[in-house]
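Coordinate-derived values only; no laboratory data. Predicted model, so just to flag it, every value in this text is computed and none were measured. A quick note on method: Cβ atoms are made from the backbone with ideal geometry, for glycine too, and the neighbour counts reach across all protein chains shown.
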Amino acid sequence: MKRGVAAAKLNLALVVGPRGPDGMHEVATVYQRIALADRVEVRVAERTEVTGFAGDTLVARALGELTANGDVKLAARITKRIPVAAGLGGGSADAATALRLGNELLSKPVSTGRLDELGARLGADVPFFLRDGPQLGTGTGTELQPIELPQDYWILLVLPRGATKGSTADVYRRFDERNGADRFEERRAALVDALHAVGRPRDLATLPPNDIASSPLAEELRALGAFRADVTGAGPAVYGLFHHRDAATRAESRIARQGRTWLTVPAWYV
């Protein structure tokens, strides 16, 4: 049996471009892993199955894809802590962790490149979770470039009470309807320029806002002392970044009435 941690992510920026021939939008996004995590166990079994989380789809697919050409089957158990459908990538993190752990149990493990291929077929975020450290994701989010970002700050996550995530397709449809992809190349270049200038945590405030989702809670978090606040992914989770734990804790006590909260920090590796 293999055990691992599947950490959530933030999109510290998400710049979205036009829809391609494959129906996917081109993006430029800044991925940052955080220390809010699920736990995943993978073992050799008589059949592919996933227990512990009835809502799983990706882990079962990941294990099925990984063992499709072999004579071994793998089963997984998931212990959930990352909120579901919140923009934090919990399902993708679980799938990537299952791929990595399952591969270690194969008599003939597949290559890193093959794991990336399998991950990309499962979802645009999955290849990121097979990497260490922050990454700039381009293309559909699966083309990854390591980047250096400050890691010494605190993160306050808020999942707004009563908020439900609409389908990703609907989120992007509304983006298309308002011609959100206009000037994509210019906006992508601005993101890259801003990344080059990031040295201290406060410099993360210069990154562009999320193109596809926003929340009034971000403004409230900034009023409570966050040096950056935004929605992650397609939401609805909102994050605020704080220089000091005391400030983040005070903000958490003030905003807790708005929904579930988590206080966490950046994480570097899987």
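Grab the chain and count how many Lys pairs have their alpha-carbon atoms under 19 Å apart, sequence gap of 8 or more, or different chains.
Eligible lysine pairs with Cα atoms under 19 Å apart amount to 7.
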Could you work out how far apart the two model spin labels at Glu219 and Met24 are, taking each label as a point 7 Å from the Cα in the direction of the beta carbon, and quote it in nm? 3.5
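Relative contact order for region 187-270: what is it in percent, counting Cα pairs under 8 Å that are at least 6 residues apart? Intermediate results must be reported in sequence, preceding the final value.
Working: 84 pairs, mean separation 16.6, N = 84.
Result for region 187-270 is 20 percent.
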Restricting to Cα atoms and excluding each atom paired with itself, what does the Kirkwood estimate give for region 2-146 in Å? 15.3
Put a dot 7 Å past each Cα toward the Cβ at Arg202 and Thr112; how far apart are the dots in nm? 3.7
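What does the highest-first list of 32-39, 205-212, 107-114, 232-239 look like by mean Cβ count within 10 Å? Write out the running numbers ahead of the final one.
Working: 32-39: 21.2, 205-212: 18.1, 107-114: 10.9, 232-239: 25.2.
Ranking the peptides 32-39, 205-212, 107-114, 232-239 by packing returns 232-239, 32-39, 205-212, 107-114.
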Just subtract the alpha-carbon distance of Val5 and Lys73 from 0.36 nm times their residue separation and send over the number in nm, one decimal. 22.4 nm
Placing +1 on each Lys and Arg Cβ and -1 on each Asp and Glu Cβ in region 154-264, then taking the dipole about the Cα centre, the residue among Gly240, Thr168, Ala213 whose Cα reaches farthest towards the positive end is Gly240
Any chance you could check the Cα centroid distance between region 157-193 and region 20-96 for me, in angstrom? 23
Just grab the label-to-label distance for Ala54 and Ala256, each label 7 Å out from Cα along the Cβ direction, in nm (one decimal). 3.0
At a threshold of 8 angstrom on Cα-Cα distance, excluding pairs fewer than six apart, so keeping six or more, what relative contact order does the chain reach in percent? 25
Applying the gyration tensor rule to the Cα atoms of region 154-264 (axes a ≥ b ≥ c; rounded if a/c under 1.5, else prolate if a/b exceeds b/c, else oblate), the class is oblate
Apply 1/(1 + (r/R0)^6) to the Cβ-Cβ distance of His243 and Asp176, taking R0 = 30 Å, and write down the FRET efficiency to the nearest 0.05. 0.20
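Rounded to the nearest 500 deg cm²/dmol, what is the calculated helix-only ellipticity per residue at 222 nm for the chain, with -39500 (n - 2.57) per DSSP H run of length n ≥ 4?
Working: 7 runs with 78 residues, N = 270.
My calculation for the chain gives -9000 deg cm²/dmol from helical runs alone.
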